[in-house]
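Q: So that we are looking at the same thing, I have put the structure below in structure tokens.
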Amino acid sequence: VPAVPVLFKQALENTATEEGKSVSLRCELTKADATVVWKKGEATLQASAKYEMKQKGTVAELVIHNAEPEDA
């Protein structure tokens, strides 16, 4: 049986915040607990004090703390 691909039910949307604040980026997938990798360009983001990754069911979330212009 071929694997069913994981698709976006709700894609990321552009989100604005003030410098120094936190911002949350969310997407919803068609499969619960699918593996999600967050990237900025070609660089894979790792969980840290700046980047917080959350996933519950089909919803994946990236929280960027202390946002800076370079995070755009």
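Q: Can you report the number of residues in segment 21-45 which are under 22 Å from Leu7 (Cα atoms) and in a strand (DSSP E or B)?
A: Summing the residues that are under 22 Å from Leu7 (Cα atoms) and in a strand (DSSP E or B) in segment 21-45 gives 10.
Q: I would also like to ask the following. Give the number of residues within segment 46-72 that are among the charged types (D, E, K, R) and either part of a strand (DSSP E or B) or within 14 Å of Leu12 (Cα to Cα) (or both).
A: Number satisfying all stated conditions: 4.
Q: Right, another one. Please find, within segment 1-39, the residue that is modelled with the lowest pLDDT out of those that are within 11 Å of the chain's Cα centre (by Cα), farther than 18 Å from Glu70 by Cβ and open to solvent by 100 Å² or more (accessible area, probe 1.4 Å).
A: Glu13
Q: Go through segment 40-63 residue by residue and tally those that are under 24 Å from Thr30 (Cβ atoms) and surrounded by fewer than 10 Cβ atoms within 10 Å (Cβ to Cβ).
A: Qualifying residue count, segment 40-63: 2.
The values are calculated or read from the model by the stated rules, or taken from the named source; none is laboratory data. Since the structure is predicted, the reported quantities are computational estimates derived from the model, not experimental observations. Note that each Cβ is placed from the backbone with ideal geometry, even for glycine, and that neighbours are counted across all protein chains shown. To get the accessible areas, we keep the full protein, side chains included, count just its heavy atoms, and leave off ligands, DNA and RNA. Shrake-Rupley method; radii C 1.70, N 1.55, O 1.52, S 1.80 Å.
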